[in-house]
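The values are calculated or read from the model by the stated rules, or taken from the named source; none is laboratory data. Computed from a prediction, not measured in an experiment: that's the story for all the values here. Please note: Cβ atoms are built from the backbone with ideal geometry, for glycine as well, and neighbour counts cover all protein chains shown. Ligands, DNA and RNA are stripped out before the accessible areas are found, and what is left, the full protein with its side chains, is counted by its heavy atoms. Shrake-Rupley method; radii C 1.70, N 1.55, O 1.52, S 1.80 Å.
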Amino acid sequence: MSSEVESKNRPDKRWDLRGMTALVTGGTKGLGHAIVEEVAALGAIVHTCARNQEQLNESIREWKEKGFKVTGSVCDVSSDAEREKLMKEVSSLFDGKLDILVNNAGTNIYKATTLDYTADDFKFLMDTNLQSAFHLSQLAHPLLKASGAGNIVFVSSIASVVSVNSQFAVYSASKAAMNQLTRNLACEWAKDSIRVNAVAPWFIRTPLTAPSLADENIFKEVLIRTPMRRVGEPGEVSSVVAFLCLPAPGFLTGQVICIDGGMSVNGFSMG
């Protein structure tokens, strides 16, 4: 009798990540932290990575206290060798299969104008934001294929869709390339039962955006450009990422979903 009740009360498997495995890069702060918690709360077994061992240990301790199944390792995703080491660890941990890859790790360098960016700045941003996600997807492909229903989610940016300001020129280019990579891989890897999508957030309240949002003029401009007249919260992005990884939207692939309070479709604002 109890087994019948448990079966009836169990959520529809289409809306359940229990038993699935996931790798989320850059999971100790901001959006990455929220994504780890979201997919773990839905039952996934998660491995994450970060550059700082202390932050990684603290986050894992917090997640274990919440009952989440999360492990982690130190990795600088801008390094080819460290990416390869990370994927070997994931393959060993999950017995050669991976259900979900979330390419979240990324950064920006703020310069006053596009003319101020150097060749080294360009290389660093492309290596960290684009090449890392591209290479990790390549490395993860056999593991995702082996799962029989793999999912890749790229964390892009609204700056890949519309012009934000002069401090985002190189960052925007790296994320726009990520959007096209999303479409190409979705088409190429559909035959391997791998879905590929991306999310493109606007200003979300995270440590990365905190300095900008602390500037009264920037904050005011953000609100004016956003029809919902507020910034987003990490959970409003992580929930969409988790949705994309669920079995339910099984026919959804190759899409870049803007999470921006209407900013990208706001042609003109009256303030």
Selected residue [open to solvent by 50 Å² or more (accessible area, probe 1.4 Å), in a loop (DSSP other than H, G, I, E, B) and not β-branched (V, I, T)] from G254, G261, G250, G267: G267
Pairs with Cβ under 8 Å, 6+ apart, first in region 54-71 and closer than 18 Å to T25 by Cβ, second surrounded by fewer than 16 Cβ atoms within 10 Å (Cβ to Cβ) and among the charged types (D, E, K, R): V70/K64
Leading residue by the ranking (most open to solvent (accessible area, probe 1.4 Å)) among those in region 28-84 that are under 18 Å from the mean Cα position of the chain (by Cα) and of a type in the set (D, E, K, R): R51
Any hit, region 93-111, residues being open to solvent by 60 Å² or more (accessible area, probe 1.4 Å) and within 30 Å of S163 (Cα to Cα): yes
Subset tally (residues that are among the acidic types (D, E) and in contact (Cβ under 8 Å) with a residue 12 or more places away in the chain) for region 191-236: 3
Filter pass, A140 being over 25 Å from H47 (Cβ atoms), open to solvent by less than 60 Å² (accessible area, probe 1.4 Å) and under 16 Å from the mean Cα position of the chain (by Cα): no
Residues that are touching a strand residue (DSSP E or B) at 6+ places or on another chain (Cβ under 7 Å) and assigned to a helix (DSSP H, G or I), drawn from region 160-180: S160, M178, N179
Hits in region 16-60 - residues which are more than 18 Å from T206 (Cα to Cα), in a strand (DSSP E or B) and small (G, A, S): A22
Enumeration of residues in region 161-176 that are surrounded by fewer than 19 Cβ atoms within 10 Å (Cβ to Cβ) and at pLDDT 95 or above: A173, A176
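Yes/no matrix, rows are residues, columns are (1) of a type in the set (G, A, S); (2) in a loop (DSSP other than H, G, I, E, B); (3) within 27 Å of P249 (Cα to Cα); (4) out of contact with any Phe, Trp or Tyr (no Cβ under 8 Å at 6 or more places or on another chain):
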position: V196; (1), (2), (3), (4): no, no, yes, no
position: P207; (1), (2), (3), (4): no, yes, no, yes
position: P211; (1), (2), (3), (4): no, no, no, yes
position: V222; (1), (2), (3), (4): no, no, no, no
position: P227; (1), (2), (3), (4): no, yes, no, yes
Options I204, I218; residue that is more than 21 Å from S137 (Cα to Cα), at pLDDT below 95, out of contact with any Lys or Arg (no Cβ under 9 Å at 6 or more places or on another chain) and not small (G, A, S): I218
Hits in region 177-201 (condition: open to solvent by 30 Å² or more (accessible area, probe 1.4 Å) and hydrophobic (A, V, I, L, M, F, W, C)): A177, C187, A190
